[in-house]
Amino acid sequence: MTIFKCKMCGGALEINNNETVATCEYCGTQQTLPKLDDDRRANLYDRANHFRRNNEFDKAMGIYEQILNEDNTDAEAYWSLVLCRYGIEYVEDP
């Protein structure tokens with residue numbers, strides 16, 4: 001079982017292998033999860049997320065599209081692609 005952090009509250013999400021959606025037990029938020037079958041894909045996600053967080057949306061989109069070319073069922077890659085296409089950033093409430 002892998003543990004990820006909730007995108008909204010930072011609480012631990014306990015998920016089983018191959019799950020693509022999880023619900024946070026702390027805040028109740030449903031969220032998509034990346035499919036990390038191997039280290040190569042994990043590295044692609046790391047690079048793409050780095051570019052997205054630094055507002056380099058075009059570079060990030062290219063990597064997310066590469067991930068989707070390899071696996072077109074990855075919900076997290078589609079969501080991240082939408083974030084890039086519209087320039088959406090996650091920010092903390094003041």
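Here, each number is a calculation from the coordinates, and none is a lab measurement. Small disclaimer: the values here were computed from a predicted structure and weren't measured. Note that each Cβ is placed from the backbone with ideal geometry, even for glycine, and that neighbours are counted across all protein chains shown.
Here the gap between Glu19 and Asn69, fully extended at 0.36 nm per residue and compared with their Cα-Cα distance, gives a gain of 16.0 nm. For region 39-85, the relative contact order comes to 34 percent (Cα pairs under 8 Å, sequence separation of at least 6). Counting only cysteine Cβ atoms and a cutoff under 4.7 Å, the chain contains unmatched residues Cys84.
The simple Förster model, with R0 at 25 Å and r as the Cβ-Cβ distance, assigns Asn55 and Cys9 a FRET efficiency of 0.55. Model label points for Tyr86 and Asn43, set 7 angstrom from Cα along the Cα-to-Cβ axis, are 3.3 nm apart.
Dipole size of the chain about its Cα centre, with +1 on Lys/Arg Cβ and -1 on Asp/Glu Cβ: approximately 180 debye, rounded to the nearest 20.
Just the Cα atoms of the chain, one point each, no solvent: what log10 I(q)/I(0) does Debye give at q = 0.10, 0.17 Å⁻¹? For the requested q values the scattering log ratios are -0.26, -0.77. Of the two radii for region 39-85, the radius of gyration is 0.92 times the Kirkwood radius, both from the alpha carbons; that is the Rg over Rh value. Calculated FRET efficiency, Trp79 to Cys27, Cβ-Cβ distance, R0 = 25 Å: about 0.90 to the nearest 0.05.
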